[in-house]
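Accompanying notes for the structure given below.
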Amino acid sequence: MNLKGMKKKDLEIALQKVEPFLCPSPDLEQYSTPASIAADMLFTAYSQGDIEGLTVLDLGCGTGILAIGAALLGAAQVIGVDKDGKALEQAAANISRAEAIVQLVRAEVQGLELRADTVIMNPPFGAQRRHADRPFLEKAIQASDVVYSLHNANTQDFLLNLVFSRGAQGEIQKRYKFEIPHTFAFHKKAKKDVEVVLLRIQTR
C-alpha cells in the first residue's frame with residue numbers, strides 16, 4: 001500500500017493501526033511514538049523532498065511506525081534497524097498488516113555499515129542512561145545526507161553543539177508534547193507529557 005499524494009491525516013489513521021510494544025524494555029526506553037507525532041514528522045520530511053523515491057533508514061525502529069510511514073509515502077527503500085529481536089518480530093507483523101515494504105536488520109547502531117539518503121528516527125531520550133541518544137545521532141550523521149530525529153527538549157543545546165562538532169548543520173523543525181503512559185513500575189503517574197523537539201540535520 002502506498003499513500004503518496006494523500007493527506008497527513010490519512011497517514012496518521014494508517015499509523016494508528018501499528019501495534020505498540022507488547023513487552024517494552026525500560027533499559028531501552030521503548031516508548032511507542034504516537035501516530036500523530038509520527039505522521040507529522042514524516043510529512044515534514046516528505047514536504048522537503050527527503051522521502052519520496054529515496055532510501056530511508058530508521059535507527060532504533062522499534063515496532064516500525066516511522067519505517068512503515070516512510071514506505072507508505074513512497075520511499076524507494078526503507079530499512080529499519082533495532083537490536084531487540086522481539087521488537088523486530090512485532091515490526092514484521094505491523095509491516096505485513098500495513099502492506100508496506102521494509103527491510104529489517106537486527107544490529108547495534110554503533111557497528112552498522114549502511115548508507116541512506118535520509119534517517120528518520122526516535123532514539124532513546126536518555127532518561128535511564130544519560131546521552132543514550134548520542135550513538136544514534138552520531139551514526140545517523142555518518143550514515144546519511146539528512147536526519148530527522150526526535151529528542152528531549154532539555155537536551156537540544158547539547159545536541160546542536162554535537163551536530164556542529166561533527167561538521168553538520170542542525171535546526172529545530174518542530175516541538176511536540178510526547179505523551180508517555182504509565183508503562184513501568186517506577187512510573188508514578190498515569191501519564192506524563194514530555195516536551196520534545198524534532199531536529200533536522202544536514203550532513204552534506
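Restricting the first member to region 89-117 and to residues that are at negative phi and among the acidic types (Asp, Glu), and the second to residues that are assigned to a strand (DSSP E or B) and modelled with pLDDT of 95 or more, the beta-carbon pairs closer than 8 Å and six or more apart or on different chains are 117/55; 117/56; 117/144; 117/145; 117/146.
Restricting region 92-108 to residues that are part of a loop (DSSP other than H, G, I, E, B) and hydrophobic (A, V, I, L, M, F, W, C), which is nearest to residue 63 (Cα to Cα)? Show your work before the answer.
So the first thing to find is which residues in region 92-108 are part of a loop (DSSP other than H, G, I, E, B), and the list is 99-102, 107-108.
Pick out the ones that are also hydrophobic (A, V, I, L, M, F, W, C) and you get 100-102, 107.
Values: 100: 13, 101: 14, 102: 12, 107: 15 Å.
Per the stated criteria, the residue is 102.
Screening residue 87 with (1) at pLDDT 95 or above; (2) within 17 Å of residue 34 (Cα to Cα) gives one miss only, at (1).
Among the residues of region 51-65, those identified as touching a helix residue (DSSP H, G or I) at 6+ places or on another chain (Cβ under 9 Å) and not hydrophobic (A, V, I, L, M, F, W, C) are 52, 58, 60, 62, 63, 64. Within region 28-62, the set of residues being touching a Pro at 6+ places or on another chain (Cβ under 8 Å) and of a type in the set (A, V, I, L, M) comprises 28, 59.
On inspection, residue 146 qualifies as modelled with pLDDT of 95 or more and either over 20 Å from residue 60 (Cα atoms) or not polar (S, T, N, Q) (or both).
When the residues of region 127-170 are filtered to those that are part of a loop (DSSP other than H, G, I, E, B), small (Gly, Ala, Ser) and in contact (Cβ under 8 Å) with a residue 40 or more places away in the chain, the one that is surrounded by the fewest Cβ atoms within 10 Å (Cβ to Cβ) is 127.
Would you tally the residues in region 107-116 being surrounded by 13 or more Cβ atoms within 10 Å (Cβ to Cβ) and charged (D, E, K, R)?
So in region 107-116, the residues surrounded by 13 or more Cβ atoms within 10 Å (Cβ to Cβ) come out as 107, 109, 112, 114, 116.
Still in the list and also charged (D, E, K, R): none.
Matching residues across region 107-116 total 0.
With the condition kept exactly as written, say whether any residue in region 164-171 is of a type outside the set (D, E, K, R), touching a Lys or Arg at 6+ places or on another chain (Cβ under 8 Å), farther than 18 Å from residue 110 by Cβ and modelled with pLDDT of 95 or more. Checked against the condition, which is being of a type outside the set (D, E, K, R), touching a Lys or Arg at 6+ places or on another chain (Cβ under 8 Å), farther than 18 Å from residue 110 by Cβ and modelled with pLDDT of 95 or more, region 164-171 yields at least one hit. Restricting attention to region 50-91, the residues that are crowded, with 22+ Cβ neighbours inside 10 Å and in a loop (DSSP other than H, G, I, E, B) total 9.
Evaluate the following for residue 52: is it among the acidic types (Asp, Glu) and over 21 Å from residue 145 (Cα atoms)?
Details: among the acidic types (Asp, Glu): yes; over 21 Å from residue 145 (Cα atoms): no.
So residue 52 does not fit the description; no.
The values are calculated or read from the model by the stated rules, or taken from the named source; none is laboratory data. What you see is a predicted model; the values in this text were computed from it and never measured. Methodologically, a virtual Cβ is constructed for each residue, glycine included, from the backbone with ideal geometry; neighbour enumeration extends over all protein chains shown.
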